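What follows is a short report on a single structure.
The values are calculated or read from the model by the stated rules, or taken from the named source; none is laboratory data. Keep in mind the model is a prediction, meaning the values are calculated, not measured. Note: ideal-geometry Cβ built from the backbone for every residue, glycine included; neighbour counts use all protein chains shown.
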Amino acid sequence: MAVSRGEFSSRLGFIMAAAGSAVGLGNIWGFPTQTASNGGAAFVLVYLFLAFTLAYPAFMAELLIGRYGQANAVTSLQKMSRTLFHKRFAFFVGFSGIVCAALILSFYGIIAGWMMSYAIEPVLTITGINSGAEWVITQSLPRNILFTGLFMFLTIFIIRRGVEDGIEKWSKRLMPMLITLLILLIAYVFTLEGADEGLLAYLSPDISRVLEPGLLISALGQAFFSLSLGTSVMVIYGSYISKKENLVTLGAQVTLIDVSIAFLAGLLIIPAMYVAQAQGVAIFAEDGSLISGSGLVFTVLPALFNTMGSGGLFVGFAFFVLMSIAALTSSISMLEGPVSYIVERHDVERKKATTFVGIIIFLISLAIISNIGVMLDFVAILATQYGQPIIAMLCCIFVGWIWHRNEILQEIQQGNEHVGSSFFWKIWPWYTKFVCPTAIAIVFIHSL
Ligand code: PHE
């Protein structure tokens, strides 16, 4: 039985959904903290360069694979295959991407659960339920189980509704909320003492660090994570775009939104850290570097919100709601990868497939939670530092070496006849064939 597929109903719907997938904890938490620990603006410059020269072409490769194949990642790649070997390779690449998405979701859901619990805490405090407020941030094991479960429930709830009624509708609601909250928070932080110093730290480059291998690797990893590459997500989102749309421009717009929101998040987080310092909160670790990672989000920022009195409860609430929304529009894309595969390849009804995959991923989360000190880092590193770059590289190899150049150009020209004559798109198949895989491999091997 052929399963009827969903499609984004509008250009805006696609942009919001794909930008929703791209914009997540990686932008609002990862990017600012990486910037802080890698020489401020030097990191920003390298990141921008790599995002446009490597991540964007790889991103386009994944979108084009999906739009050409009009199916889940495995089927789409297999449609380009001409030999049995190609088909097997297609299965390997597509399926690995789907597993990678599921693994990312299994730890991402835990972190998103922390964000939700920190958003609920001020609400409980305001309503006088102080014991509840204390419970959500101190009881780590039951709290983790409860909030990861809650977050997975929301993700499943949206994905069960399908493309137009689920992904598109919710991305269109949540993304504008996210952007508004982000801008309001930035405006507020800039009224506080210490923000200028933070702005300076964010924007003054230490150019001598630009070529440091550590910085290059972090910037590339950040760019790939941020555009959700190597996870089958952009293949499946690409497959829901109508052939009438101009994919090249849409892809560029999504990349621009993603990069801009990361940049804006830096304008919020780094000045906020210096405001915290002006309030007496310690923002440097013992080795003199800025506190980053969970120490920043769950210690420094809450300490800052605490110094703001009752107003701080609202700011804290807004900040963690922002984080939760960013996480949700990303997590739905991660779940869509495996769900679309099961629906299309195994003829399972969408709602059933969603609940089934969602529960399996939640069980993996529970396994991580049971030994969180070791497992969280292990799964995160496996999926994002190894899985994503390798799979993204294989997708480029697939497009460059297996797909026919004429077919590629034809697909690029759908919805935009003139693009084929532009220099960039003429060399793009060649670029994806040689430059992207080589550059990814070099940076990757370097990081080992
Ligand atoms: N891009 C998302 C972020 O920045 C994370 C993500 C990775 C989403 C992989 C989907 C797939 O948080």
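Any chance segment 375-384 includes a residue that's under 17 Å from P57 (Cα atoms), of a type in the set (V, I, T) and within 16 Å of the ligand (Cβ to nearest atom)? Let's see the steps before the verdict.
Taking segment 375-384 as the starting set, the residues that turn out to be under 17 Å from P57 (Cα atoms) are none.
Taking every residue of segment 375-384 in turn, none turns out to be under 17 Å from P57 (Cα atoms), of a type in the set (V, I, T) and within 16 Å of the ligand (Cβ to nearest atom).
The set of residues in segment 197-228 being without any contact (Cβ under 8 Å) to a residue 12 or more places away in the chain and within 30 Å of V315 (Cβ to Cβ) consists of L200 alone. Taking (1) farther than 21 Å from A119 by Cα; (2) among the hydroxyl-bearing types (S, T, Y); (3) free of Cβ contacts under 8 Å to residues at least 40 places away in the same chain in turn, T307 satisfies each apart from (1).
Scanning segment 388-397 for residues that are more than 14 Å from A223 (Cα to Cα) and crowded, with 24+ Cβ neighbours inside 10 Å returns I391, C395, C396. Evaluated against (1) of a type outside the set (V, I, T); (2) touching a Leu at 6+ places or on another chain (Cβ under 8 Å); (3) under 30 Å from T53 (Cβ atoms), L335 falls short on exactly one condition, (3). Within segment 7-18, the set of residues being crowded, with 19+ Cβ neighbours inside 10 Å and either at pLDDT below 90 or assigned to a loop (DSSP other than H, G, I, E, B) (or both) comprises just one member, F8. When each of A90, A36, A71, A61 is tested for being among the aliphatic types (A, V, I, L, M), farther than 30 Å from L185 by Cβ, part of a helix (DSSP H, G or I) and more than 16 Å from the ligand (Cβ to nearest atom), the lone residue that passes is A90.
Of the set (1) within 16 Å of the ligand (Cβ to nearest atom); (2) over 21 Å from Y68 (Cβ atoms), all apply to L211 but (1).
T307 meets each of the listed conditions (1) buried (at least 16 other Cβ atoms within 10 Å of the Cβ); (2) more than 30 Å from K172 (Cα to Cα); (3) not charged (D, E, K, R) apart from (1). For F298, the conditions (1) modelled with pLDDT under 95; (2) buried (at least 19 other Cβ atoms within 10 Å of the Cβ) all hold with the exception of (2).
Test of understanding: among L220, L229, L174, L181, which residue is within 15 Å of the ligand (Cβ to nearest atom) and surrounded by fewer than 22 Cβ atoms within 10 Å (Cβ to Cβ)? Steps first, please.
On the way: L220 fails: surrounded by fewer than 22 Cβ atoms within 10 Å (Cβ to Cβ); L229 fails: surrounded by fewer than 22 Cβ atoms within 10 Å (Cβ to Cβ); L181 fails: within 15 Å of the ligand (Cβ to nearest atom).
Exactly one residue qualifies, and that residue is L174.
Looking only at residues of segment 232-271 that are among the polar types (S, T, N, Q) and surrounded by fewer than 24 Cβ atoms within 10 Å (Cβ to Cβ), we find that the one that is nearest to G194 (Cα to Cα) is S260.
Listed here are the helices (runs of 4 or more DSSP H) enclosed by segment 326-442 that have at least 2 residues being within 30 Å of P213 (Cβ to Cβ), out of contact with any Phe, Trp or Tyr (no Cβ under 8 Å at 6 or more places or on another chain) and among the aromatic types (F, W, Y): 423-430.
Keeping to segment 218-234, report how many residues are assigned to a helix (DSSP H, G or I) and among the hydroxyl-bearing types (S, T, Y).
2
Pairs are defined by a Cβ separation below 7 Å, a sequence spacing of at least 6 or placement on different chains, a first member in segment 319-347 that is touching a residue at least 40 places away in the same chain (Cβ under 8 Å) and within 10 Å of the ligand (Cβ to nearest atom), and a second member that is among the polar types (S, T, N, Q) and not in a helix (DSSP H, G or I); the pairs so defined are S333/S228; M334/T231; G337/T231; G337/S232. Of the residues in segment 19-33, at least one is farther than 30 Å from S208 by Cβ, within 10 Å of the ligand (Cβ to nearest atom), within 10 Å of the chain's Cα centre (by Cα) and part of a loop (DSSP other than H, G, I, E, B).
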